[in-house]
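These notes are about the structure you will find just below.
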């Protein structure tokens, strides 16, 4: 079934929308959540929360790219779950380390929605401007939350090269944000 048809099912409040989303994107969403939370039961919980959020938010939202919309919801649920688990266990994880790295560059949350959108646009444009290797490494670290060793295996680069690529990318992102007056 096409994404636009699935969105129409959501708009008609048909429970078939959830079944179709689960069949088409369930495995991908679970993998996305698992990458962040690192455990199957939490990943499944995040996916179920994603379905509920989609059900509650479509309508009024009408996503143009359903998978992107679902992934955004899923990542948010997984990050909330990770924060919850981290606060209870006082542990830490690869996602927390990656978030801490990028938090040094990207300004914290702001109440100004326009400023948040400008920051998001600036980061998105920055990522699009990277060459393919840098973009691949950057996205694996800060979107998929892979650790350095995994990125090294995936790309064939040494761990030190991956670390240096990430450091240089963060430095250039910081300069870009400062030049746009967003820091």
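Each reported figure results from applying straightforward, stated rules to the coordinates on display, with no laboratory input. No experiment lies behind these values; they were computed from the predicted model shown. All Cβ positions, glycine included, derive from the backbone under ideal geometry; neighbour counts span all protein chains shown.
Values as computed for the structure displayed
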| item | result |
| --- | --- |
| Computed label-point distance, nm, for sites residue 155 and residue 80 using a 7 Å Cα→Cβ extension | 3.2 nm |
| Compactness of the range 1-88 as Cα Rg over 2.2 N^0.38 Å, two decimals | 1.07 |
| Exposure proxy order (Cβ contacts within 10 Å, fewest to most) of 173, 130 | 130, 173 |
| Proxy reagent accessibility, fewest Cβ within 10 Å first, across 150, 35 | 150, 35 |
| Sorted by Cβ neighbour density within 10 Å, fewest at the top, the residues 182, 166 | 182, 166 |
| On Cα atoms only, tilt of 113-129 relative to the major axis of the chain in degrees | 70 degrees |
| Rounded to 10°, Cα long-axis angle of helix 159-179 versus longest principal axis of the chain | 80 degrees |
| Full-stretch length increase - residue 65, residue 1 - with 0.36 nm per residue and alpha-carbon distance subtracted | 21.6 nm |
| Degrees between helix 66-89 axis and first principal axis of the chain (Cα, 0 to 90, nearest 10) | 70 degrees |
| Percent breakdown of C-alpha pair distances by 10 Å bin, ordered from the shortest bin, for the chain | 9, 31, 34, 22, 4, 0 |
